[in-house]
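The values are calculated or read from the model by the stated rules, or taken from the named source; none is laboratory data. Worth saying up front: this structure is predicted, and the values here are computed from it rather than measured. Positions of Cβ are backbone-derived with ideal geometry, glycine not excepted, and every protein chain shown enters the neighbour counts.
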């Protein structure tokens, strides 16, 4: 059940994230809380608790400092991407220090990029963050796809990374087409 929840929230962020900043903040905070707790094999109730606390905290902080919302959303979605990267890059048990370094580095870089490029950067970041949640959820819901949640070194890491890139790109393409007016771009008719 927990895999389905994170899969649905990930799909919402990946394919609809740029439409609403409030939705993006809640989904990114939810995903960040979930993915950080998941790095350390937490139980389903702890995962859900961390996810809900992450969602509420992200929304409250963003509301209080809305002027910096693009920066904050970029940091949240970047942290989600960093958590996914930390999971893919570390075989076996994850090290807190290495995970923290990767998550913070990606979050800070994403925050600055989002602040500078606004909607276009957030389009990519919500797609990438949502894709990481979808893969995490798929890996939890279907045993044959478990490697998407926790890939072993070798082919599983390669396939998991390729799936993450492909799903993130699909999210970017769909959001770009659906919300071209919000992004102030012209989309060629199909």
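Select from segment 48-75 the residues that are modelled with pLDDT of 90 or more and buried (at least 21 other Cβ atoms within 10 Å of the Cβ) and write down the one among them that is nearest to residue 3 (Cα to Cα).
Among them, the one singled out is 51.
May I ask you to say which residue of 91, 109, 119 is assigned to a helix (DSSP H, G or I), out of contact with any helix residue (DSSP H, G or I) (no Cβ under 6 Å at 6 or more places or on another chain) and surrounded by fewer than 23 Cβ atoms within 10 Å (Cβ to Cβ)?
Numbers: 91 fails: assigned to a helix (DSSP H, G or I); 119 fails: out of contact with any helix residue (DSSP H, G or I) (no Cβ under 6 Å at 6 or more places or on another chain).
Result: 109 is the single residue among 91, 109, 119 that is assigned to a helix (DSSP H, G or I), out of contact with any helix residue (DSSP H, G or I) (no Cβ under 6 Å at 6 or more places or on another chain) and surrounded by fewer than 23 Cβ atoms within 10 Å (Cβ to Cβ).
Quickly run through segment 24-45 and pick out the residues that are in a helix (DSSP H, G or I) and surrounded by fewer than 16 Cβ atoms within 10 Å (Cβ to Cβ).
Within segment 24-45, 44, 45 qualify.
Condition check: in contact with a helix residue (DSSP H, G or I) (Cβ under 8 Å, 6 or more places away or on another chain) and within 13 Å of residue 122 (Cα to Cα). Does residue 2 satisfy that?
No: the conditions fail for residue 2.
I'd like the residue in segment 1-23 that is over 19 Å from residue 44 (Cα atoms) and surrounded by 24 or more Cβ atoms within 10 Å (Cβ to Cβ) and, out of all such residues, is farthest from the chain's Cα centre (by Cα).
Residue satisfying both the conditions and the ranking: 18.
Quick check on this structure: which one of 132, 160 is surrounded by 14 or more Cβ atoms within 10 Å (Cβ to Cβ), within 16 Å of residue 31 (Cα to Cα) and at pLDDT 90 or above?
Just one listed residue meets the conditions, 132.
Tally up the residues in segment 133-164 that are closer than 20 Å to residue 9 by Cβ and part of a helix (DSSP H, G or I), please.
15
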